[in-house]
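To keep things clear, I will list the structure first and then write my remarks on it.
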Amino acid sequence: MPTRIVQVGLGGWGADWAETVVPQVPEVKAVGWVDPNPKALERVELRLGARSDRCFPTLEAALSNVDADAVLVTADVRAHASLVELALEAGKHVLVEKPFVSTTVEAERLADLADRYHLTLMVSQNFRFFPAAISAARLVREQVLGPVGAVHIEFRRFLNYTPADEPFYALRQPLLEDLGIHHFDLMRMVLGQEPRQVYCTAWQPQGSSFREPPAAAATIIFDRGTLVTYRGNWLSGGVETPYGGEWHLECAEGEIIWACRGDRDVTLDGDHVRIRKRGQPVVSIDLPAMASFGRRESLATFARAVEIGTVAPFASLGRDNIGSLALMQAAITSATTGRVISVETINSSPEIDFPD
């Protein structure tokens, strides 16, 4: 039987989940939809043919009126902590959109709660579920070109077309939090290392419609000495990269070059992996065949974890995702204070005040 889910949060991205992802995953069945905005619920009824008695203004009402195994949280990040806690307390497994929550203190508390009730709590870091990312992680793990010494990552897009009053332009940290969390999470997955220290600077390109900086550069040191340089820009004048960024991994015996996640996460047009052994030409690597990828595979992986109790490789359980969340918060703190930040300090100190 498919895992029965209630989805909470039906704004722009949540509606995309409801319409293009959930119906394509046979391992799950949507049995309820939640949003405080009546128009969002009307859209679900119209586009998905959802019954009105399965649409609710609150998660409490949904869980009191439908039989569900799990909750899919696709609401604004500011609501994640309370929604995840409510679902876990109700005995439901949870898949939550990235970023997990706003602070590592909240994340630790929720991971503890999931452990206490023996429930699966997973963060949908869907960039992990693309064949290029999986292939790059395998090449690093197997040291095909020896150990990695340095990594250079570039993300370039130009997104300044729509009116400046669009909600996206008001996001908190539109690069470092909204998209950068994917890049930070992929660093940990691909390298198999944990970040120790970060220095980051962020800026507003001329003519930006964003409220907060959409461009940033960071230097990150990992626990085995690998140094990562990262640059991202939502207002870049350069050639656009896939959303997963363009990666160059300098290894002892050559270089691994890869990218993932093209314009939409329903195609593999942005995925490629190449290697170059020192003194030899570049060679393309065959990517692993995947029946599904991106958000669809993230949701299917979650459903299988609920069903059999074990999580597939590369899935980001709540407790593991704290490492990615801490790196993101350290980068934001560095960018706003101008200081080098220890990632361990972020993990251990609940006193750090992150900007709203």
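The values are calculated or read from the model by the stated rules, or taken from the named source; none is laboratory data. Remember, predicted model here, so these are calculated numbers, not experimental data. Don't worry about glycine lacking a Cβ; one is built from the backbone with ideal geometry, like all the others, and counts go over all protein chains shown.
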Residue check: is VAL283 in contact (Cβ under 8 Å) with a residue 60 or more places away in the chain and of a type in the set (A, V, I, L, M, F, W, C)?
-> no
Residues of segment 239-274 being touching an Asp or Glu at 6+ places or on another chain (Cβ under 7 Å) and under 15 Å from VAL190 (Cα atoms), which ones?
-> GLY245, GLU246, HIS248, LEU249, ALA259, CYS260
May I ask you to list the residues in segment 58-83 that are without any contact (Cβ under 8 Å) to a residue 40 or more places away in the chain and either β-branched (Val, Ile, Thr) or within 15 Å of LEU110 (Cα to Cα) (or both)?
-> THR58, ARG78, HIS80, ALA81, SER82
Strands (runs of 3 or more DSSP E) completely within segment 132-250 that count 1 or more residues being of a type in the set (Phe, Trp, Tyr), in contact with a His (Cβ under 7 Å, 6 or more places away or on another chain) and crowded, with 21+ Cβ neighbours inside 10 Å = 148-156, 227-233
Quick check: anything in segment 21-34 of a type outside the set (A, V, I, L, M), within 25 Å of ARG172 (Cα to Cα) and at pLDDT 95 or above?
-> no
Among (1) touching a Lys or Arg at 6+ places or on another chain (Cβ under 7 Å); (2) in the same structural domain as VAL239 (by TED's automatic domain parsing), the one test that ASN160 misses = (1)
Out of LEU299, LEU317, LEU327, which single residue is buried (at least 23 other Cβ atoms within 10 Å of the Cβ) and within 21 Å of LEU191 (Cβ to Cβ)?
-> LEU327
Selection from segment 269-287 of residues outside any loop (DSSP other than H, G, I, E, B) and farther than 30 Å from GLN24 by Cα yields ARG274, ILE275, ARG276, LYS277, VAL283, SER284
Qualifying position, being touching a Gly at 6+ places or on another chain (Cβ under 8 Å) and among the β-branched types (Val, Ile, Thr), among ILE285, ILE275, ILE332, ILE308 = ILE275
Could you please give the count of residues in segment 67-86 that are farther than 14 Å from VAL123 by Cα and touching a strand residue (DSSP E or B) at 6+ places or on another chain (Cβ under 9 Å)?
-> 5
Scan SER298, SER324 and give me the residue that is of a type in the set (S, T, N, Q), in contact with a helix residue (DSSP H, G or I) (Cβ under 6 Å, 6 or more places away or on another chain) and under 22 Å from ARG109 (Cα atoms).
-> SER324
Residue list for segment 14-41, restricted to those being part of a helix (DSSP H, G or I) and among the basic types (Lys, Arg) = LYS39
Cβ-Cβ under 8 Å pairs, at least 6 apart or on other chains, segment 207-236 side not assigned by TED's automatic domain parsing to the domain that holds LEU176, far side surrounded by fewer than 21 Cβ atoms within 10 Å (Cβ to Cβ) | none
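Yes or no: GLY254 assigned by TED's automatic domain parsing to the domain that holds TYR169 and without any contact (Cβ under 8 Å) to a residue 12 or more places away in the chain?
Considered against the rule, which asks whether it is assigned by TED's automatic domain parsing to the domain that holds TYR169 and without any contact (Cβ under 8 Å) to a residue 12 or more places away in the chain, GLY254 comes out as no.
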In segment 74-123, residue surrounded by the most Cβ atoms within 10 Å (Cβ to Cβ) [restricted to those that are basic (Lys, Arg) and part of a helix (DSSP H, G or I)] = ARG109
Starting from segment 288-301, keep only residues that are in a helix (DSSP H, G or I), then list their pairs with residues that are among the aromatic types (Phe, Trp, Tyr) whose Cβ atoms are within a distance under 6 Å, requiring at least 6 positions of separation or different chains.
-> GLY294/PHE129; GLU297/PHE129; SER298/PHE129
